[in-house]
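Computed from the coordinates by the stated procedures, all read-outs in this text should not be read as laboratory data. Just so you know, these numbers come straight off a predicted model, no measurement behind them. Positions of Cβ are generated from backbone atoms using ideal geometry, with glycine treated the same way; all protein chains shown enter the neighbour counts.
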Amino acid sequence: MESWYREKLPNKELILLSESGFTSDILSYRFLEHFIQHTSAGSDQPYKLLLMDNHGSHITPEFVLLATQNNIVPFSFPAHLTHCMQPLDVGIFQVYKHWHTRAIQSALETLDFDYTVSSFLRDLSEIHFKTFTKQIVKGAFAKSGMWPVNSQQVQDLMAKYMKARTPSPEPDALPILQAETPQTTNELRTKWSSLQPKLKDQLSSPSQRQFESIERGLHKILDDADIIEAEKNLIYTRLNEIVRKKPASRRRVQKGGELTSEHAQQLIQKKDQERQNKYTKQLARAKAKEFSRIKKELHIAGVAARQIERLRKAELKRVQANDIGAAHLTISIPDPEKETENLVQKTQEARVLEEQEDTILEGFEAGDPTNWTQLTPSKSPPKDLWNLDYVALASLSDDSTDSDESVSVQI
């Protein structure tokens, strides 16, 4: 599933799939190739000892031949003794389960109640890093007696796990009835109701009152326990509904075969890009369709507005100039199509100006320094303006008026 690889696996893990969910001859053979690759085994390399259980996939001719060709000696443990001789069972799986449990607890603390394969692969790198340390691996080999070789260590483990013989009961001995501890509030109430009359009749009056007080407290505690149990069941039911409705990506990265984490990330990125391109095209088509619809509606409205405008102008020519009742004919009918086109054109021009302003380098907002003293021809002053220290303005004449013609400029 694609969601398995969404959280990146940094150690280039190799994931093999099986239709049955169990190992097979093909997967075992592929594991041996993976082992050869990462241990630098080969026909010109020193011999290596591969410790395994005696599963049928480990003794196939193809498996043994490939191992022999690469100077690997496959050694199978005796049947039903891997719990005493295999380093993984003796000293590593326990540590592995510890960190796996801690990962689940950490997920629960963050309200991630749906701990799936995706969650496990997300935490796999950290679990592997904390489990397979040099000290733990060496301790597992020593505890199992594999290295340094120690047969007594294996015998001690075999004696530890050996089932002790239970002595057979004597025929004349009477069976001893053991009272079962109540596990639920209902069982406790049942046992208490059968025991309460026997105890109460043997107590004195002061002790009976104290006994009744304790009995009332016990029933109250049992009632509170039932309420808490009901609330807990209700909360877990709601959480299960939330988890069941939680969306999860079930898209496949590829169908069958093996897949490394690095290759899976590449495939996911490629599919994400394809989906993004597809979505972009769909969005562009939707925008073009919507723009065409709006343009068509504006064209219809524009045709109607222009027809009404022509009728208004024709009617305005027929009426008299001093006709007060025809004042409304002097108001032109707006054309929505042309107004929209003008608005779009102004928006585009403003966008172009903004882009041009954004391209101006910092410190050159006024333009090219070589053109700072150059003015446009419409505003061009006399040629010798820049050679003067000042420009003198003639004072207004005594008979000047408010008109602009009374002001003269002398240079």
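Would you mind ranking TYR5, TYR279, TYR115 so that the residue whose beta carbon has the fewest other beta carbons within 10 Å leads the list?
Fewest to most other Cβ atoms nearby, the residues stand as TYR279, TYR115, TYR5.
FRET efficiency for GLU13 and ALA159, Cβ-Cβ distance as r, R0 = 35 Å, nearest 0.05?
On the way: r = 38 Å, r/R0 = 1.10.
Approximately 0.35, to the nearest 0.05.
Given the stretch 283-355, what whole percent of its Cα pairs are spread farther than 17 Å? Each step should come with its number before you reach the end.
Working: 1631 of 2628 pairs.
The proportion of pairs with Cα distances above 17 Å equals 62 percent.
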Fully extended, how many nm does the chain gain between THR260 and HIS83 (0.36 nm per residue separation, minus their Cα-Cα distance)?
60.6 nm
Amide H to amide H, which residues 5 or more places from LEU50 or on other chains are under 5 Å from it, using H placed in the peptide plane?
VAL73, PHE75
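Could you put MET158, MET85 in order, starting from the residue whose Cβ has the fewest other Cβ atoms within 10 Å?
Working: MET158 13, MET85 19.
Listing MET158, MET85 from fewest to most nearby Cβ atoms yields MET158, MET85.
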If R₀ is 45 angstrom, what is the calculated FRET efficiency for the pair ASP272 and TRP147, using the beta carbon separation as r and rounding to 0.05?
0.45
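What list do you get for LEU111, LEU298 if you sort them by fewest beta carbons within 10 Å? If you can, show how the numbers build up before the last one.
Details: LEU111 9, LEU298 17.
Listed from fewest to most nearby Cβ atoms, that is LEU111, LEU298.
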Rounded to one decimal in nm, the spacing of the 7 Å Cα→Cβ label points at ILE242 and LEU343 is 4.6 nm
